[in-house]
Amino acid sequence: MTNARDYLLSIWPQLPGEVVEDLAAIFQEHSAKRKTILTAEGEVEKYLYLVQDGVQRAYAIGSDGREATLVFTYAPSFSGVADSFLLQRPSRYWFETLTPSKFLRASFRDFDAVLLKHPLLERLIRLALSETLEGVLVRQIELQSYTAEQRFRTLMARSPHLLQLVPHKYIANYLGMDATNFSKLLGQIKI
């Protein structure tokens with residue numbers, strides 16, 4: 001595993017030395033097997049994860065029992081149920097590993113203490129959350145106003161590597177289509 005300091009600098013190269021050292025010090029190594037639930041609906045997210053290896057997803061389960069994949073995470077990225085972690089409220093979603101995964105993770109208490117000590121981190125988190133919100137809103141527009149083919153083409157233009165990382169049934173679910181239609185589109189459309 002990469003150490004936390006190097007990992008953080010790969011994400012935020014502008015971090016001053018003291019900030020990097022304080023932030024890196026709170027992360028611990030953690031690994032999980034394939035199909036491990038890291039956070040269940042109703043639990044408060046305890047950790048902020050830095051993904052080093054593997055693929056994870058956050059998903060919701062509707063009243064009809066159907067799953068709706070919300071997001072995939074993989075290296076190098078932050079992961080976990082962000083709203084539950086930051087607000088320390090029960091999660092509305094499930095967070096699971098799709099493949100064996102390796103992380104660096106930090107507890108909320110430790111992360112909050114570092115944010116209070118270093119206002120620059122609070123600013124970086126705000127900027128990162130602003131970009132995430134922008135992505136969520138764009139995705140909402142895609143889900144509500146694009147055809148299945150348009151959603152497929154848009155995802156393949158933005159993230160074609162997902163085809164190699166994520167089982168296709170989960171990508172189909174993420175796009176809001178059944179696996180058969182996804183397979184048809186995959187066969188018909190040149191990527």
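The values are calculated or read from the model by the stated rules, or taken from the named source; none is laboratory data. Keep in mind that this is a model prediction, so the values were computed, not measured. Reconstructed Cβ throughout: ideal geometry from the backbone, glycine too, with neighbour counts over all protein chains shown. These area figures cover heavy atoms from the full protein model, side chains too; ligands, DNA and RNA do not enter into them. Shrake-Rupley method; radii C 1.70, N 1.55, O 1.52, S 1.80 Å.
It is to be established whether one or more residues within region 159-167 are without any contact (Cβ under 8 Å) to a residue 60 or more places away in the chain, over 29 Å from Y47 (Cα atoms) and surrounded by 13 or more Cβ atoms within 10 Å (Cβ to Cβ). No, region 159-167 has no match at all. Of everything in region 116-131 that is open to solvent by less than 80 Å² (accessible area, probe 1.4 Å) and over 18 Å from P16 (Cα atoms), the residue that is nearest to the chain's Cα centre (by Cα) is L129.
When A148, A82, A75, A106 are checked against the criterion of being modelled with pLDDT of 95 or more, among the aliphatic types (A, V, I, L, M) and on the phi < 0 side of the Ramachandran plot, a single residue qualifies: A106. Residues that are in a loop (DSSP other than H, G, I, E, B) and open to solvent by less than 30 Å² (accessible area, probe 1.4 Å) were ranked within region 168-191; the one that is modelled with the lowest pLDDT is I189. Residues in region 92-111: is at least one free of Cβ contacts under 8 Å to residues at least 40 places away in the same chain and among the small types (G, A, S)? No, region 92-111 contains no residue that is free of Cβ contacts under 8 Å to residues at least 40 places away in the same chain and among the small types (G, A, S).
Among the residues of region 122-143, just one is among the hydroxyl-bearing types (S, T, Y) and either outside any helix (DSSP H, G or I) or under 16 Å from L70 (Cα atoms) (or both), namely T132. Scan region 156-181 for residues that are more than 20 Å from I61 (Cβ to Cβ) and more than 16 Å from the chain's Cα centre (by Cα) and the total you get is 8.
In region 84-115, the qualifying residues are those that are outside any loop (DSSP other than H, G, I, E, B) and touching a helix residue (DSSP H, G or I) at 6+ places or on another chain (Cβ under 7 Å), and the one that is surrounded by the fewest Cβ atoms within 10 Å (Cβ to Cβ) is P90.
Within region 144-158, if we keep just the residues that are assigned to a helix (DSSP H, G or I) and open to solvent by 70 Å² or more (accessible area, probe 1.4 Å), the residue that is nearest to Y74 (Cα to Cα) turns out to be R158.
Against the condition at pLDDT 95 or above, exposed (fewer than 14 other Cβ atoms within 10 Å of the Cβ) and either out of contact with any Ser or Thr (no Cβ under 8 Å at 6 or more places or on another chain) or of a type outside the set (A, V, I, L, M) (or both), how does R66 come out, does it pass? When the stated conditions are applied, R66 does not pass them.
Tell me yes or no: at least one residue of region 12-31 is closer than 17 Å to G80 by Cα and at pLDDT below 90. No, the conditions are met nowhere in region 12-31.
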